[in-house]
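J.: Dropping a structure here in structure tokens format, bear with me for questions.
Bear in mind these aren't lab numbers, they're just calculated from the coordinates by the rules spelled out. Note that this is a predicted model, so its numbers are computed, not measured. Please note: Cβ atoms are built from the backbone with ideal geometry, for glycine as well, and neighbour counts cover all protein chains shown.
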């Protein structure tokens with residue numbers, strides 16, 4: 001299994017590409033709403049969007065994800081690990097957790113191995129939306 005960060009300029013964010021034996025899956029940050037459509041659709045969606053506190057997701061879902069992140073680094077010690085645990089405890093949305101995955105991956109790969117970091121990331125990725133990658137085929 002290989003994990004690779006890639007930038008998707010069409011959506012304006014980084015995605016993680018996870019290669020598995022049955023094919024590829026991309027993990028993306030949790031969307032807070034519609035990110036496509038005409039400018040009028042985006043404006044209408046923006047006007048009807050919930051307040052940031054409401055958009056953070058269900059607390060039980062966030063708590064479950066946060067607990068899995070903290071458990072993934074339970075056997076890692078050091079000042080950087082303590083700092084990362086504090087940041088994990090202070091997250092207020094799944095999107096914030098999604099951005100901390102890179103730091104967690106780095107901490108686990110330094111403390112153990114890259115293979116162990118990939119194994120733990122695979123378990124954590126279940127908290128985030130996935131979809132099959134877009135085809136590179138372009139019609140003539």
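J.: Can you tell me the length gained on complete extension of the stretch residue 71 to residue 116, counting 0.36 nm per residue apart and subtracting the Cα distance?
T.: Contour length minus Cα-Cα distance gives 14.8 nm.
J.: Of the peptides 99-109, 85-95, how do they stack up when ordered by the mean number of other Cβ atoms within 10 Å, highest first?
T.: For the peptides 99-109, 85-95, the packing ranking is 99-109, 85-95.
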